[in-house]
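These notes are about the structure you will find just below.
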Ligand SMILES: [Zn+2]
């Protein structure tokens with residue numbers, strides 16, 4: 001009888017030990033997972049920042065590759081969002097890639113270009 005108790009006790013101790021090992025390794029896995037999550041969210045933030053930088057660059061490029069609108073009637077040229085540029089008739093519109101190009105063709109800059 002006493003021997004059985006000792007065996008039982010050993011079995012119980014063994015189970016507890018195994019359970020404790022499991023819990024410890026689970027704990028380790030969880031902290032590793034947390035580390036990975038932290039790393040990933042840091043990476044995600046970096047990526048988001050890079051994406052924003054790329055978007056900003058694209059926007060800047062788009063703004064830089066602007067053009068100028070001239071009127072063959074008035075022989076003046078404007079920035080595309082100028083009120084006068086919007087009033088140019090379809091048939092009188094002429095596009096210039098640069099200010100110099102417009103000037104070289106005999107067009108005068110509108111006040112919108114002197115801002
Ligand atoms: Zn203008």
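The values are calculated or read from the model by the stated rules, or taken from the named source; none is laboratory data. Note that the structure is predicted; figures quoted are calculated from it, not measured. Positions of Cβ are generated from backbone atoms using ideal geometry, with glycine treated the same way; all protein chains shown enter the neighbour counts.
Of note:
- The listed residues are 18, 8, 33, 26, and the only one of them that is assigned to a helix (DSSP H, G or I) and under 30 Å from the mean Cα position of the chain (by Cα) turns out to be 33.
The rows are residues; the columns are (1) surrounded by 10 or more Cβ atoms within 10 Å (Cβ to Cβ); (2) farther than 30 Å from residue 101 by Cβ; (3) at pLDDT 95 or above; (4) touching a helix residue (DSSP H, G or I) at 6+ places or on another chain (Cβ under 9 Å).
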site: 25; (1), (2), (3), (4): yes, yes, no, no
site: 29; (1), (2), (3), (4): yes, yes, no, no
site: 39; (1), (2), (3), (4): yes, yes, yes, no
site: 60; (1), (2), (3), (4): yes, no, no, no
site: 64; (1), (2), (3), (4): no, no, no, no
site: 67; (1), (2), (3), (4): yes, no, no, no
site: 72; (1), (2), (3), (4): yes, no, yes, yes
site: 75; (1), (2), (3), (4): yes, no, yes, no
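- Among the residues making up region 77-90, those that are loosely packed, with under 15 Cβ neighbours inside 10 Å and either within 13 Å of the ligand (Cβ to nearest atom) or touching a residue at least 12 places away in the same chain (Cβ under 8 Å) (or both) are 80, 81, 83, 86, 87, 89.
- Test: residue in region 50-72 that is within 16 Å of the ligand (Cβ to nearest atom), more than 15 Å from residue 113 (Cα to Cα) and without any contact (Cβ under 8 Å) to a residue 60 or more places away in the chain: yes
- On inspection, residue 96 qualifies as in contact with a helix residue (DSSP H, G or I) (Cβ under 6 Å, 6 or more places away or on another chain) and within 30 Å of residue 114 (Cβ to Cβ).
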